[in-house]
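K.L.:
Would you mind keeping the following structure in view while I ask a few things?
The values are calculated or read from the model by the stated rules, or taken from the named source; none is laboratory data. Because the structure is predicted, anything quoted here is derived from the model rather than measured. All Cβ positions, even for glycine, are placed from backbone atoms using ideal geometry, and neighbour counts span all protein chains on display.
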Amino acid sequence: MSLATPEIVIGLDFGLRRIGLAIGDSLTRTARPLTALTLTGRDGPDAADWQRMSVLLKQHAPNRLVVGCPYNVDGSEQALTGKARRFAQELSERYTLPVELVDERYSSLEAEAALRERRGAEQRGRIDRGSIDSAAAAIILERWFS
């Protein structure tokens with residue numbers, strides 16, 4: 001990735017229950033979690049909360065979007081791969097922004113481990129899935145930056 005002008009970029013961790021969002025910029029090449037959007041009962045890209053997505057994109061005014069694309073451990077496609085691609089296509093059509101895909105393998109596991117480590121051993125208990133999804137979106141975005 002080589003961008004001539006610094007850009008605000010939003011990363012998205014697409015899932016069947018939630019979409020994690022993170023924001024970063026191409027100058028510092030760092031990302032931070034934003035929030036997670038809960039999907040409606042329907043399956044795939046049509047389940048996204050497009051109204052809330054529009055508010056977030058207007059608020060943060062990104063120049064580009066990066067969507068995590070899930071693959072199996074061996075690099076082959078899985079059922080969710082096509083849904084993530086359709087979601088990325090829908091984002092591109094709705095918001096007329098460049099949308100790029102990046103391999104998201106292990107991003108959720110990495111995000112959960114990092115959140116547990118930051119919390120420390122004193123605070124036992126469950127980490128909410130939305131926090132993991134938005135942290136995974138930050139990891140996806142940082143992978144794209146690198």
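K.L.:
Within the range 95-109, can you find the residues that are surrounded by 15 or more Cβ atoms within 10 Å (Cβ to Cβ), of a type outside the set (G, A, S) and in a helix (DSSP H, G or I)?
P.N.:
Y95
K.L.:
Now, a different point. Is there any pair linking a residue in the range 101-119 that is under 15 Å from I140 (Cβ atoms) to one that is charged (D, E, K, R), with Cβ under 6 Å and at least six apart or on different chains, and which?
P.N.:
If the second residue must be charged (D, E, K, R), the pairs left are V102/R143.
K.L.:
While we're on this one: Quick check on my filter: what residues within the range 47-70 are of a type in the set (A, V, I, L, M), more than 13 Å from I23 (Cβ to Cβ) and over 15 Å from the mean Cα position of the chain (by Cα)?
P.N.:
A47, V55
K.L.:
Identify the single condition in (1) among the hydroxyl-bearing types (S, T, Y); (2) in contact (Cβ under 8 Å) with a residue 40 or more places away in the chain; (3) under 29 Å from T5 (Cα atoms) that S92 does not satisfy, given that it satisfies every other one.
P.N.:
Here S92 clears every test but (2).
K.L.:
Same structure, new question: Write out, first by first residue and then by second, each pair whose Cβ atoms fall under 8 Å of each other, whose residues are 6+ apart or on separate chains, and whose first residue, in the range 130-146, is farther than 15 Å from I8 by Cβ while the second is in a helix (DSSP H, G or I) and polar (S, T, N, Q).
P.N.:
I132/S108; D133/S108; A136/S107; A136/S108; I139/S107; I140/S107; R143/S107
K.L.:
Check T81, T38 and return the single one that is touching a residue at least 24 places away in the same chain (Cβ under 8 Å) and either within 15 Å of D133 (Cα to Cα) or of a type in the set (S, T, N, Q) (or both).
P.N.:
T38
K.L.:
Out of the residues in the range 67-85 that are in a helix (DSSP H, G or I) and farther than 24 Å from A31 by Cβ, which is modelled with the highest pLDDT? Step through it out loud before you land on a result.
P.N.:
At the first step, the residues of the range 67-85 found to be in a helix (DSSP H, G or I) are 79-85.
In the following step, the residues that additionally are farther than 24 Å from A31 by Cβ were identified as 79, 82.
Working: A79: 87, G82: 93.
Among those residues, the one meeting the criterion is G82.
K.L.:
Would you point out the residue of the range 1-33, among those that are part of a strand (DSSP E or B) and over 13 Å from the mean Cα position of the chain (by Cα), that is farthest from S107 (Cα to Cα)? I'd like the intermediate steps shown before the answer.
P.N.:
Filtering the range 1-33 down to residues part of a strand (DSSP E or B) leaves 8-14, 18-25, 30-33.
So of that shortlist, the ones also over 13 Å from the mean Cα position of the chain (by Cα) come out as 8, 25, 30.
On the way: I8: 21, D25: 19, T30: 15 Å.
Checking each candidate, the answer is I8.
Residue-wise test of (1) at pLDDT 80 or above; (2) in contact with a Pro (Cβ under 7 Å, 6 or more places away or on another chain); (3) closer than 25 Å to D49 by Cβ.
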| position | (1), (2), (3) |
| --- | --- |
| Q89 | yes, no, yes |
| R94 | yes, no, yes |
| P98 | yes, no, yes |
| Y106 | no, no, no |
| L109 | no, no, no |
| A113 | no, no, no |
| R116 | no, no, no |
| E122 | no, no, no |
| I127 | no, no, yes |
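K.L.:
Here are some conditions: (1) at pLDDT below 95; (2) under 26 Å from Y71 (Cβ atoms); (3) of a type in the set (G, A, S). A4 meets all but one. Which one does it not meet?
P.N.:
Against the list (1) at pLDDT below 95; (2) under 26 Å from Y71 (Cβ atoms); (3) of a type in the set (G, A, S), A4 comes up short only on (2).
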